[in-house]
Amino acid sequence: MIKVTVWNENLHERLQEEVREIYPTGIHGCIAEFLSYDEDVRIHLATFDEPEHGLTQEILDETDVLVFWSHALQEAFSDEVAERVRQAVLNGMGLVALHSAHGSKIMKKLLGTSMTLKWRHGDRERLFVTAPSHPIAKYIPDYIELPVEEMYGEYFDIPKPDDVIFTGWFAGGEVFRSGCTFTRGLGKIFYFQPGHETYPTYYDKYVQRIITNAVYWCAPVRRLKHPMENQESKMTPEEISGYAAKARRKAEVHTDFARELQDAAILNRSGAAQGAEPAGDSKGIRLSIFYEHLREAMEQTGKSLEELLSMAREAGIRGVEMEFTTLVKRPELNRIIQNAGMEISNLYQFFDFGNKYAAGMHTGRKMIDTAKAMGIARVMIIPGFLSPEQASDLTKVSASYEETAAYMEGIAEILAMRDAIAELTEYATERGIMVSLEDFDSFTSPIARMNQLRWFLEQVPGLKHTLDMGNYAFSNESAAEAYELFKDQIGHVHCKDRGEEKEEDPEIWEGLGLPYGETLTHRRGIKPVPVGEGYLPIAELVKKLKDQGYQGYFAIEHFGAPDQLGFMQKSAEYLRSLL
């Protein structure tokens with residue numbers, strides 16, 4: 001958890017209607033909103049008019065990163081508080097100084113120069129990435145355009161930066177070192193120029209990503225007293241006790257989950273759960289069911305989870321597929337499933353790597369670590385979605401692999417997804433966990449079609465494919481053809497059938513990139529039905545998987561079924577007849 005204090009004078013918003021219209025909750029409110037989308041960031045807001053400007057010693061002690069915007073009240077800012085913030089940075093607190101905060105007492109104290117520059121209102125800015133390997137520039141295009149921004153121009157009186165990550169060019173011809181990093185004591189500092197109060201700069205998605213990246217980069221590993229304070233560099237017993245207390249409080253938040261992990265590890269090592277089978281793969285094909293189907297069945301039938309798990313086992317089902325966030329919220333589910341003589345067969349998770357890379361990586365590693373501790377052999381990633389415009393453009397070229405690959409390699413969000421999947425696949429492989437991508441049934445998904453999946457699978461060594469038999473029909477593609485293309489990379493299988501229905505929604509044809517009314521060759525409806533009662537070649541695919549020696553799970557899937565229990569039992573009976 002990164003504890004961020006977002007500080008703003010909050011003066012312009014109260015005095016200027018044009019600023020209030022752009023930032024109705026204040027600049028600090030806007031910044032806090034997009035930072036708070038990240039589940040690993042905790043936000044505290046502070047403004048000039050609060051006692052001690054809202055930056056008391058207690059607040060700073062609990063702040064990992066201070067995001068600071070100031071302008072009109074630079075000289076009115078307390079010298080005492082400025083010195084307090086300087087000491088906090090020297091002790092390890094990160095500082096993200098935005099726009100005119102370059103002239104703040106805090107920055108002048110930390111950097112030791114006048115911080116003067118040239119300026120002019122109302123100019124177009126092109127912001128170039130000049131340190132593309134730096135974490136703050138991760139997944140930012142070669143340059144971004146800000147239609148209107150306050151021009152800052154050289155000479156900018158600052159000490160030599162550690163890195164100049166962004167260089168701004170303005171339509172008037174000026175250039176500026178717009179994104180610079182510094183290290184002072186144990187603290188990291190990032191100065192970022194865009195953000196004049198009368199322009200909507202902080203709504204730009206790339207500006208938001210840069211600031212989010214900066215928060216993660218500036219965050220300290222831990223906070224220490226710095227030797228410059230004439231203190232011993234070793235921690236005192238009181239400090240050690242304080243850190244231990246904080247560690248205990250943090251651990252208490254996750255006590256239940258940690259206990260479940262520990263219990264699961266013991267169970268998986270000893271096989272002590274009554275009726276439990278060993279976790280991980282064994283010879284042959286086994287059946288599993290989605291936890292969400294069981295949850296819906298509880299609502300539909302009034303039966304308990306334990307009763308439904310018992311009925312699932314009687315039907316020949318041995319695994320439960322589950323979303324990772326569900327397991328985090330209800331860690332006791334692992335014990336309940338183990339006690340039923342079953343195991344979690346696959347964890348899956350939705351991500352937004354294109355816009356929240358750092359947060360997604362944190363969650364992804366946590367999912368893999370949990371899988372390792374609980375003996376879960378597989379995880380599946382849904383990496384994110386595209387804008388409708390991007391998805392439409394990608395759909396238009398989806399019939400050609402070469403054109404698909406060329407388009408995908410030009411989209412920053414897709415490249416972020418690829419790199420995240422590659423990092424997590426390597427991380428998982430080292431821990432004996434398989435990572436897969438399925439053909440996801442959404443028109444805005446970049447993994448909805450064969451050529452899109454082929455690109456990811458060719459780009460990421462070790463990545464496997466979850467063959468979803470019904471989702472290729474969603475995209476009007478053949479599951480049998482997909483099997484032939486990916487048969488050597490299939491690591492997991494979703495057994496989903498589709499029922500025929502009359503489809504007249506023009507958005508279907510638009511999403512598929514086809515003229516409205518054109519014959520849908522492979523898509524004859526997406527109605528949920530028990531496996532074996534639809535139009536898909538389930539028996540043919542099962543035979544091919546058996547013949548090739550596939551060993552793993554067939555996950556029964558029928559989201560939206562009106563009778564989840566009945567569908568589950570019929571699907572299991574049909575698949576067992578084929579196996």
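Nothing in this text is a laboratory measurement; each read-out follows from the coordinates by a stated rule. These numbers come from a predicted model, not from an experiment. Glycine also receives a Cβ, built like all others from the backbone with ideal geometry; neighbour counts cover every protein chain displayed.
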> By how many degrees, 0 to 90 and rounded to 10, does the Cα axis of helix 412-429 deviate from the longest principal axis of the chain?
Replying inline: 70 degrees
> In terms of the Cα gyration tensor, with a ≥ b ≥ c the square roots of its eigenvalues, is segment 284-413 rounded because a/c is under 1.5, prolate because a/b exceeds b/c, or oblate?
Replying inline: prolate
> So how do S345, S577, S78 line up by other beta-carbon neighbours within 10 Å, fewest first?
Replying inline: S577, S78, S345
>> With an 8 Å Cα cut-off and a minimum separation of 6 or more residues, compute the relative contact order for segment 2-221 in percent.
In response: 22 percent
> Per q in 0.07, 0.09 1/Å, what log10 I(q)/I(0) does a Debye calculation on the alpha-carbon atoms of the chain return?
Replying inline: -0.53, -0.82
> Looking at the chain, which longest stretch skips every one of the chymotrypsin sites (Phe, Trp or Tyr not before Pro) that is in a DSSP loop with at most 11 other Cβ atoms within 10 Å, leaving the sites themselves out?
Replying inline: 156-515
> Calculated from DSSP H runs of 4 or more alone, at -39500 (n - 2.57) each and per residue, what is the 222 nm mean residue ellipticity of the chain, nearest 500?
Replying inline: -12000 deg cm²/dmol
>> Once you order the gyration tensor axes a ≥ b ≥ c over the Cα atoms, which shape class does segment 1-111 get: rounded for a/c under 1.5, otherwise prolate or oblate by comparing a/b with b/c?
In response: oblate
>> Quick check for me: using +1 on Lys/Arg Cβ and -1 on Asp/Glu Cβ, what's the dipole size of segment 485-547 about its Cα centre, in debye to the nearest 20?
In response: 440 debye
> With the calculation restricted to Cα positions, what are the radius of gyration and Dmax of segment 38-93 in angstrom?
Replying inline: 11.6, 36
> With a ≥ b ≥ c the root eigenvalues of the C-alpha gyration tensor of segment 82-151, is it rounded (a/c under 1.5), prolate (a/b larger than b/c) or oblate?
Replying inline: oblate
> ³J(HN,Hα) across segment 62-69 via Karplus (A = 6.51, B = -1.76, C = 1.60, θ = phi - 60°), whole Hz, x for Gly/Pro?
Replying inline: 9, 10, 7, 9, 9, 9, 10, 10
>> For segment 510-577, which GluC sites (Glu not before Pro) pass both filters: DSSP loop (anything but H, G, I, E, B) and at most 12 other C-beta atoms within 10 Å?
In response: E518
> Can you tell which of A88, P132, P528 lies farthest toward the positive end of the dipole of the chain, using +1 and -1 charges on the Cβ of basic and acidic side chains (Lys, Arg; Asp, Glu)?
Replying inline: A88
>> Let me check I've understood the local charge: for I27, count other residues with C-beta under 9 angstrom from its C-beta, Lys and Arg +1, Asp and Glu -1. What total comes out?
In response: -3
> Given the chain, what percent of its DSSP beta bridges are antiparallel, to the nearest 5?
Replying inline: 35 percent
>> Along each principal axis of its Cα atoms, how long is segment 2-221 end to end? Whole angstroms, biggest number first, please.
In response: 44, 39, 37
